[in-house]
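Have a look at the structure below, then the notes.
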Number of protein chains: 6
Amino acid sequence: MIYLTRRERFNAAHRLYNPEWDDAKNLRIYGKCSNPNWHGHNYELFVTVKGEVKDKTGYVINLKSLSKLIKEKIVEEIDHKNINIEVPFMKDRIASTENLAKAIWEILNGPVSELGAELHCIKIVETENNFVEYYG
Amino acid sequence: MIYLTRRERFNAAHRLYNPEWDDAKNLRIYGKCSNPNWHGHNYELFVTVKGEVKDKTGYVINLKSLSKLIKEKIVEEIDHKNINIEVPFMKDRIASTENLAKAIWEILNGPVSELGAELHCIKIVETENNFVEYYG
Amino acid sequence: MIYLTRRERFNAAHRLYNPEWDDAKNLRIYGKCSNPNWHGHNYELFVTVKGEVKDKTGYVINLKSLSKLIKEKIVEEIDHKNINIEVPFMKDRIASTENLAKAIWEILNGPVSELGAELHCIKIVETENNFVEYYG
Amino acid sequence: MIYLTRRERFNAAHRLYNPEWDDAKNLRIYGKCSNPNWHGHNYELFVTVKGEVKDKTGYVINLKSLSKLIKEKIVEEIDHKNINIEVPFMKDRIASTENLAKAIWEILNGPVSELGAELHCIKIVETENNFVEYYG
Amino acid sequence: MIYLTRRERFNAAHRLYNPEWDDAKNLRIYGKCSNPNWHGHNYELFVTVKGEVKDKTGYVINLKSLSKLIKEKIVEEIDHKNINIEVPFMKDRIASTENLAKAIWEILNGPVSELGAELHCIKIVETENNFVEYYG
Amino acid sequence: MIYLTRRERFNAAHRLYNPEWDDAKNLRIYGKCSNPNWHGHNYELFVTVKGEVKDKTGYVINLKSLSKLIKEKIVEEIDHKNINIEVPFMKDRIASTENLAKAIWEILNGPVSELGAELHCIKIVETENNFVEYYG
């Protein structure tokens, strides 16, 4: 079993905001991350898949196919967008990095199987000082 | 003469937008960077000052004073903010990295002199693939 | 289950030294890392916690609380200090990165539970070429 | 149990090429990675070993011994070489990063045991956007 | 005057080799960098241009145009290639990083002017430990 | 004229301390950087030289000679040492990064000329957030 990781990047705006709370409570819980006028990040997305190395190719799966999949399903939907109001797969979810990782897992899990590997981990680096990992 | 550089960071939302143009023209010129719902970045700001090394301290200037100055004048005004609509020193300026560098120069130039050094360069890294430098 | 990681940094002096041995033996075992006049590092500390994402917040735990905890319990005790002679939690331990990771685990394990998550990993990067990880 | 990681680096040329296929098929499967005139990379190799911390030394194993082992067994064989035609441990294997990780595992597994630890992971970073990990 | 830098990357094989010398002398001068079977690198190319910020756009020049120019003129010619035998602009030049920087300057200097800026610097990072800069 | 840069690294202990002042004044001026029990850093040293590219070699100067020079004159003197009390070229100088850059310039300036190039810049990175540059 080999683990293969591809990094893709996207830049997006967001705010941490629970619609069940008023702005005052959101600011109390989330601080400046809940600024109603948004802020944003350069996100790094690391997608790790696992599988046997194929004798014929020396590959777990073709890295270009994996990159293409991530770009089509994730990057095109979220890059240079507002995560709270424009990204279909984040609809009705609080725009935290944790929820982003879970949503991306749900989208990529099936298609990665169709490529012939198993999704292992979604890692999202929000700043140089914090990141999350989700293993399904 | 020694050149001393301090890095500070801020996360912000913005869009490239010239208010003299309609949205269609803005999108034609700026592409996805003009998304009306904003996007954002992890910005890195490098402030370089120059001066003689003081015999008594071995310093050009105290790095903590420089860091404090940058945080008070710049980071507190722009971190977790929307550059287009919330940042006083970017009012009436297109929210490009180039204009950001020039605006930050104008703000820091005087105070750096008061610290006993000369402002040399404002460098802003917007993504791992692009940055600007301004020397006044 | 989501894994959330926070990075903090500290700069410290140390030497590798077993007090049961004389200087000659320490130098034979540890080489220049046992220099009696000390050397030092920019340490990077990565603290990974795990837990369920809370529906209300979208968080495992509040990253600011985690950062504050690490700063209070670890960084304030060790930053700009001599690990061998000034850091309470390293008393009577050889000042290796391995022992540092274990000591930091012992300190953070309880308080991370009180924040509502489980401590998963302490990773310490000593140089760009070596790091250790401890999972309890 | 502590996990200790050492990074070493090497620069090498390679091409992805299955000798059972003609050049046309190799190009169809591998794209530009199969260029008959080769291309190359700055590879980063991360070797992770695990073991108990020894009371006497505070070490899992001596990092210098681990570094020396990796340099002798791996770096001297592959650095500034052509992976397809000059590296004994890659003979008759497709020169993919996956196969490289597996071959390096096979070589280091025994000698790491002799140093008193257990080999845990071989990670190879081929570019800033892709890497593989092998756990045996 | 603002300085704007764009980074692009390419992976290539090369050897340091002066055809006026035999292999023995090439090996004596260049060491392992002259391996007849090639080695390779992940090259990072930083192109810096300078110019006035345009009032209408807030840009020196459009970064996407600069990126497209570098990709068309340089990256497509050299990425996943053998610098010594396949790259037209390196024909009859020793495949050193220094010569690479000069050749890239010659190619980009005119087209950057046509974009409305002035070429300022070509920087090429060959490994994390060495890079060259050329200012024309 | 081409500018060639080599990076070397060293780990060292130091404190900021002016022997003309008592400990109280040193602490008031330098803060925790003056801790009498020392602290330390992973220093990165970038040495930039300039010169014409030689037709025969494609080199400004041989990078291996430059690396060897820096290691012999600087790294062997300061790596895993205490800058204040063990490094001959820092004797009677306050152990600031500024003074370190100037001292290294003085040592390397002559020998770089003998290698056939001109010393251009000494850059020292003390932490990811601060560095100095000295141009003679």
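The values are calculated or read from the model by the stated rules, or taken from the named source; none is laboratory data. Predicted model only: the values in this text are computed from it and were never measured. Here the Cβ is made from the backbone with ideal geometry for all residues, glycine too, and neighbour counts use every protein chain on show. Heavy atoms of the whole protein, side chains included, go into the accessibility calculation; ligands, DNA and RNA do not. Shrake-Rupley method; radii C 1.70, N 1.55, O 1.52, S 1.80 Å.
Protein-only accessible surface at a 1.4 angstrom probe places the residues F:GLU126, D:GLU86 in the order D:GLU86, F:GLU126, largest first. In chain E, the DSSP-assigned H stretches of four residues or longer account for a calculated mean residue ellipticity at 222 nm of -8500 deg cm²/dmol, using -39500 (n - 2.57) per stretch and the full residue count as denominator. Counting only protein heavy atoms and using a 1.4 Å probe, the accessible area of C:SER113 comes to about 70 Å². With its label point put 7 Å out from Cα toward Cβ, D:ASP92 sits 4.7, 5.8, 5.8, 6.9, 7.7 nm from the same residue's point in the other copies, in order from shortest.
Per the rotation superposing chains E and C, the chain E residue found at the smallest beta carbon distance from the axis is E:GLU128, 4, distance in Å. Listed by chain and number, the lysines whose alpha-carbon sits under 17 Å from that of C:LYS81, ignoring those within fewer than 8 places in the same chain, are C:LYS71, C:LYS73, C:LYS91, F:LYS32, F:LYS81. In the context of the full set of protein chains, residues of the protein assembly as shown present 40 Å² of accessible surface per residue (probe radius 1.4 Å, heavy atoms only).
Expressed as a whole percent, the proportion of Cα-Cα pairs in the protein assembly as shown lying more than 43 Å apart is 30%. Taking only alpha carbon atoms, region D:1-63 gives an Rg to Rh ratio of 1.33, where Rh is the Kirkwood radius. Taking every C-alpha pair closer than 8 Å and separated by at least 6 residues, the mean separation divided by the residue count of chain D gives a relative contact order of 30 percent.
Sorting E:LEU27, E:LEU4 on solvent-accessible area from highest to lowest, probe radius 1.4 Å, gives E:LEU27, E:LEU4. Scaled against 2.2 N^0.38 Å for its residue count N, the alpha carbon radius of gyration of region E:32-136 is 1.16. Ordered from largest to smallest accessible area (heavy atoms of protein chains, 1.4 Å probe), the residues E:GLU118, A:GLU8 come out as E:GLU118, A:GLU8. For C:GLU128, the point set 7 Å out from Cα toward Cβ sits 0.5, 1.3, 1.3, 1.3, 1.4 nm from its twins in the other copies, listed from shortest up.
Computed over region B:68-136, relative contact order equals 25 percent, with contacts defined as Cα pairs under 8 Å that lie 6+ residues apart.
Of the GluC sites (Glu not before Pro) in region F:11-74, the ones in a loop by DSSP (not H, G, I, E or B) with at most 15 other beta carbons within 10 Å are F:GLU20, F:GLU52. For the pair region C:96-126 and region A:69-130, the centres of their Cα atoms are 29 angstrom apart. Distance between the pseudo-spin-label points of F:ASP55 and A:GLU118 (7 Å out from Cα toward the beta carbon): 6.4 nm.
For the segment A:7-16, counting C-beta atoms of other chains within 10 Å of every residue's C-beta and taking the mean gives 5.
With the whole protein complex present, A:MET1 retains an accessible surface near 90 Å², based on a 1.4 Å probe. Beta bridges assigned by DSSP with both partners in chain E are antiparallel in approximately 95 percent of cases.
Shielding of peptide A:78-91 by partners, expressed as the average count of other chain Cβ atoms within 10 Å per residue Cβ, is 3.
Taken as Cα centroids, region D:1-55 and region C:6-22 sit 34 Å apart, rounded to the nearest whole angstrom.
Using a probe of 1.4 Å on the protein chains alone, the accessible area found for F:ARG15 is around 20 Å².
Per residue of B:21-31, how many C-beta atoms from partner chains lie within 10 Å of its own C-beta, taken as a mean? For this peptide, the per-residue mean of nearby foreign Cβ atoms is 1. Taking the label point 7 Å along Cα→Cβ, C:ASN18 and its counterparts in the other copies are spaced 4.5, 5.3, 5.3, 5.3, 7.2 nm apart, in ascending order.
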